[in-house]
1. Averaged across B:33-43, how many Cβ atoms of other chains sit within 10 Å of each residue's Cβ atom?
2. When we measure straight from the Cα of residue A:357, which lysines land under 21 angstrom away, once same-chain ones fewer than 8 places off are left out?
3. If I stretch the segment between residue A:153 and residue A:22 completely, what's the gain in nm (0.36 nm per residue apart, minus their alpha carbon distance), one decimal?
4. Please report, in debye to the nearest 20, how large the charge dipole of the stretch B:8-124 is about its Cα centre when each Lys and Arg carries +1 at its beta carbon and each Asp and Glu carries -1 there.
5. Order these by the 10 Å Cβ neighbour count, fewest first: A:108, B:29.
6. Using the beta-carbon distance between residue B:78 and residue B:49 and R0 = 22 Å, what value does 1/(1 + (r/R0)^6) give for FRET efficiency, to the nearest 0.05?
7. What relative contact order, as a whole-number percentage, does chain B give when Cα pairs under 8 Å and 6 or more residues apart are counted?
8. Kindly put A:83, A:64 in sequence by how many other C-beta atoms sit within 10 Å of each C-beta, fewest to most.
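The numbers here are math on the coordinates, done by the rules we state, and not lab data. Remember, it's a predicted structure, so these values are computed and weren't measured experimentally. Neighbour counts are summed over all protein chains in view; Cβ atoms, including those assigned to glycine, are modelled from backbone coordinates with ideal geometry.
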Amino acid sequence: MPAAEATTPLIRKTALNALHRQMGAKMVDFNGWDMPVEYPCSGGIIAEHNAVRTGVGIFDVSHMGDIRLEGPQALDAVQHISMNDASRLAIGQAQYSAVLYPQGTFVDDVIVHRMGEQDYLLVINAGTREKDFNWVWQNTKQFDCKVTNLSDDFTQIAIQGPKSAKLLQKLTDLDLSAVKFYWFTHGTVCGLKNILTSRTGYTAEDGFEIYIPSDESTSARVWEEVLEAGKEFGAVACGLGSRNTLRLEGKLPLYGHEISDSINVWEAGLDRFCKMEKTGFIGRPALEQAKAAGLKRTLVGLEMVERGIARDGYKVLNESGREIGYVTSGSYAPFLKKNIAMAYVPMEFSAIGSSVKVEIRGQGVKAQVVPTPFYKRPKSS
Amino acid sequence: MAYPSDYKYTKEHEWIKADGGNATIGITDYAQQSLGDIVFVDLPKVGAEITVGKTLGSVESVKAVSDLYAPASGTVTEVNGALATAPEQINKDAHGSWMLKIKLSNSGDLNALLSAADYEKFVAEESGH
């Protein structure tokens, strides 16, 4: 019907879309983006996941958004709209943070990069790009600071895994050993000058993210050069499927799952990224009240005891079968070879070792609260 | 991938091979490809009754949960227990990795199913090739 067609939203594509299809990737609609979920040529999700744990994997994460704040009051603006303390950042340093609603719940989680003396870059989620930009722009008007949406300016490629530094070192004049985790620098990568190169990622593994110009031919050339350079390390192209299982093993939150506009910072267990000694950020008064009132539910890690896989949205039950919470993310964990999940449960069920059930197709299947993160990368490298 | 001509197929991507009054059931190669890495199979117990067109269990890949539908009615006589610990066998050989054996309650059920050639045509259309 023509009327329905007219209202169908345009599906968005990254500059690497044609290349993904050419490689035979399975594509899915991810928050309005046509993205690779897995590459049969890489061996599928499990092979991609384990390549990142033991070698290196390459992801197109160009759907992520970027907001720049620059000007004399850029720091004040960032401090006002985010919960971590950006005043602690040196130039070239990044931090995990979140943008909050006045209720202390999440607009989005972000990585704040201090690019210069008065220059900050917020890297945000794909599904919340417009919402985030509008929120940041609306709530920083009072500051002498320019807010720009750079989301379409970059092709962002993540190179993740214990061999990521060896791979990327082949393609750059930067000394990557001098770039510590959650720091970044600029240098020549694949012959392109002044490329933002950060030691960050979403896989609970060592890794880098490079930000290159978003035109199709440059993006495709760099993607292919990275894959080629990675051959000797067994590098494979990785899709959103393994990105999700990797972040789940590392207990890294995903917007719309572990964090949302109805979950607050304390419930999500992100206390250490929320600096209450910092005055005047949006959400702080509500968080102070929430802390005083006490937590009613909290995010826990579950491991299935009986056979079954907990999936997003499944109910969590107590041992007698009463509904007590819900699963936010759940999957088979390819590296740990266990069925794991994250879930919100009342405080009295949050102790390690607590027994609960997950309702799977009408049946209560036994699970246990376990320590998180499920996976922690080895200290070396 | 060749679809065995002595199997019958459903539009939900199960196969069934009849042998007199008994039959063997699995999922097709197209199904395993669409699902990706299979990590879990939930099957009925021996003695359970299954009804044509109704859910009999499920198969899960890392990413997706998919219901299994009974291609015919009958009583479960055997379950492939090896799939509980090695569900990836289905990815390696979907047409050789059987899930259930049943005693058919009505062998006429199979007449309504697709032949190998018709199934192949059906998946070609479904996958847009």
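1. On the way: counts 3, 1, 1, 8, 11, 1, 9, 6, 1, 6, 0.
Counting Cβ atoms of other protein chains within 10 Å of each residue's Cβ and averaging gives 4.
2. A:251, A:296, A:315, A:337, A:338, A:366
3. On the way: separation 131, 0.36 × 131 = 47.16 nm, distance 2.33 nm.
Length gained, residue A:153 through residue A:22: 44.8 nm.
4. On the way: 10 positive and 15 negative charges, 39 e Å.
It comes to approximately 180 debye.
5. Placing the least packed residue first, the sequence is B:29, A:108.
6. Details: r = 15 Å, r/R0 = 0.67.
So the FRET efficiency works out to roughly 0.90.
7. On the way: 270 pairs, mean separation 41.0, N = 129.
Normalised by residue count, the contact order of chain B is 32 percent.
8. Numbers: A:83 27, A:64 19.
Going from sparsest to densest Cβ surroundings: A:64, A:83.
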